[in-house]
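Remarks on the structure that follows.
The values are calculated or read from the model by the stated rules, or taken from the named source; none is laboratory data. Model, not experiment: these values are computed from the prediction. Every residue, glycine as well, gets a Cβ built from its backbone with ideal geometry; the counts of neighbours run over all protein chains shown.
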C-alpha cells in the first residue's frame, strides 16, 4: 500500500474509532464547557480517555508522515509527493491541536473533581 493510501486508511480508522467514543474535534469548546459541568468523574474519565486514545493514534500517524518525509531523496523533496505529504502533516497537526484543546477541558474538570490523572494520561 502506498503512503497516500496508508494515510487515508489510517485517518478513516481513527475517524471510525472516534465516532463510537464520542470524540469530536469540531465540537465548539463552549458547548463542551457547558456539558462537562453536569458530568460525573467517571464520565469525564471516559471522555478524556477517548480523546487520549485518538491523540495516541494521531501521534503514530505523525511519526509515519515524518518517516515518509525523511525517506525522500533531495530531488523528491521538490516534487508533488512532498507537497501532499506536507499538506497531510499540516492537517494532522491541526487535528491534534483541536483534539488536545478538547482533551484538556475534560482533564481540567476531571482533576477539579478529584479524579486520578494517571488514569487518563496520554
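Would you please name the residue that is surrounded by the fewest Cβ atoms within 10 Å (Cβ to Cβ), looking only at residues in region 89-121 that are more than 19 Å from the chain's Cα centre (by Cα) and within 15 Å of residue 50 (Cβ to Cβ)?
115
Does region 78-86 include one or more residues that are over 30 Å from residue 33 (Cα atoms), assigned to a helix (DSSP H, G or I), at pLDDT 90 or above and out of contact with any strand residue (DSSP E or B) (no Cβ under 8 Å at 6 or more places or on another chain)?
No, every residue in region 78-86 fails to be over 30 Å from residue 33 (Cα atoms), assigned to a helix (DSSP H, G or I), at pLDDT 90 or above and out of contact with any strand residue (DSSP E or B) (no Cβ under 8 Å at 6 or more places or on another chain).
Over 19 Å from the mean Cα position of the chain (by Cα) and buried (at least 17 other Cβ atoms within 10 Å of the Cβ) - does that describe any residue in region 19-28?
Checked against the condition, which is being over 19 Å from the mean Cα position of the chain (by Cα) and buried (at least 17 other Cβ atoms within 10 Å of the Cβ), region 19-28 yields no hits at all.
For residue 73, all conditions in the list (1) modelled with pLDDT of 90 or more; (2) surrounded by fewer than 15 Cβ atoms within 10 Å (Cβ to Cβ) hold save one; what is the number of the exception?
(1)
Which of the residues spanning region 49-69 are under 14 Å from the mean Cα position of the chain (by Cα) and over 16 Å from residue 121 (Cβ atoms)?
Within region 49-69, 60, 61, 62, 63 meet the criteria.
Considering only region 103-122, how many residues are in a helix (DSSP H, G or I), farther than 11 Å from residue 36 by Cα and touching a residue at least 40 places away in the same chain (Cβ under 8 Å)?
2
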